[in-house]
1. Compute the signed sum of charges (Lys and Arg +1, Asp and Glu -1) over the other residues within less than 9 Å, Cβ to Cβ, of Leu120.
2. Mind checking segment 126-194 for GluC sites (Glu not before Pro) that DSSP puts in a loop (not H, G, I, E or B) and that have at most 15 other Cβ atoms within 10 Å?
3. Given a cut-off of under 8 Å on Cα pairs at least six residues apart, what relative contact order in percent is computed for the chain?
4. Modelling each spin label as a point 7 Å along the Cα-to-Cβ direction, I'd like the Glu215/Ile65 distance in nm, to one decimal.
5. So for the pair Lys101, Gln167, with labels modelled 7 Å out along Cα→Cβ, what separation do we get in nm?
6. With each pseudo-label sitting 7 Å past Cα toward Cβ, what's the Asn40-Asn79 distance in nm, one decimal?
7. For segment 120-137 and segment 44-87, what is the separation of their Cα centres, given in Å?
8. In whole Hz, with x marking every Gly and Pro, tabulate ³J(HN,Hα) for segment 19-30 from phi via Karplus 6.51 cos²θ - 1.76 cosθ + 1.60, θ = phi - 60°.
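Readers should treat all values here as calculations from the given coordinates under stated rules, not as data from a laboratory. Note that this is a predicted model, so its numbers are computed, not measured. No Cβ is skipped: glycine too gets one built from the backbone with ideal geometry, and neighbour counts run over all protein chains shown.
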Amino acid sequence: MRYFSKREEGDPSEIQQIFTSINLQVWCCRYWKLNQWDCNEMAFPYWRIYWNKNKGAVVSYQDKIFEPDSNKLLIIPPNTPFQAYFKHNHMFETGMYIKGKRINDIDKEKLIQADHLLHLFIHFTLGAPYDNVQPDIYEIKLNSDQKQKLSKLTEYLKIEASNFSLQANLQIQTIITEMLRLIPPKHWDTLHIEHRILTCIRYIERNIHLDFNNEFLAKLIGLATNSFIRLFTSEMGISPQNFIKEKKIAKACALLDHTEMKIDEIAHYLGFADRYHFTRVFKKVTNTPPGVYRKGN
């Protein structure tokens with residue numbers, strides 16, 4: 001193997017290229033049959049992709065109402081307070097009530113779709129600044145090639161639900177990035193963050209288990225502490241320490257939703273002194289204790 005000793009030999013162009021860094025983390029990818037799907041005021045700190053193979057679902061946000069089917073896919077940004085229900089068995093106007101289970105390779109979709117919603121859902125995060133997009137719901141009209149990719153993914157999920165191959169991981173990530181590419185560019189225009197603050201935020205995300213003070217973060221990006229606090233608060237609309245607190249709790253929500261980690265383990269992983277300190281902060285940010293949050297109340 002040959003290594004170039006000079007950059008110019010490897011890339012002779014004089015044009016400097018700048019690429020956007022995306023920290024894509026997939027939290028879950030599942031294909032379920034839902035008999036009941038009454039979800040009211042849903043709002044979670046991660047992205048969602050919904051694709052239903054059959055009709056019957058209603059998803060709403062503010063004055064927007066969507067009835068997704070196999071020809072349309074929904075993308076829901078973090079912290080969007082939306083409602084969803086399955087018309088076949090809609091019973092509750094408050095709270096969250098879900099009945100269903102994974103579709104496997106012995107299920108006959110044509111037989112179960114009469115009284116079940118055939119529901120593919122993917123949860124993921126993108127990191128700063130892309131998890132800070134304005135709340136909304138985006139409806140993507142699918143072409144035949146995109147529908148084929150989604151159908152292929154659901155066939156895979158019928159067989160494998162946990163130990164995904166490299167090819168399957170790449171397939172899931174490709175679907176996510178392809179769908180995000182179809183969101184109109186204007187919806188990303190509000191995400192301009194001063195480059196030093198963005199560097200700071202990405203460092204926090206990569207090291208969320210650590211405890212940060214303002215002096216350390218200011219030194220990280222070459223600012224005096226007071227200047228750093230003013231700039232961070234001006235850019236993000238929140239103080240650095242409150243931002244860190246909310247980031248830790250957002251990570252905790254994802255871990256509570258998508259892993260079997262115990263609350264004590266999550267508290268330790270995120271750098272809290274103990275479970276009681278973690279619970280106090282979690283409740284202050286979400287108005288709900290972590291144990292109650294995990295139960296879906």
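1. Once all neighbours under 9 Å are counted, the net charge is +2.
2. When the GluC sites (Glu not before Pro) of segment 126-194 are filtered for loop state and at most 15 Cβ neighbours within 10 Å, Glu160, Glu194 remain.
3. Relative contact order of the chain: 18 percent.
4. Going from the Glu215 label point to the Ile65 one covers 5.9 nm.
5. Roughly 2.9 nm, to one decimal.
6. It is 2.4 nm.
7. 14
8. These are the phi-based 3J(HN,Hα) values: 10, 7, 8, 10, 9, 6, 10, 8, 9, 7, 8, 9 Hz.
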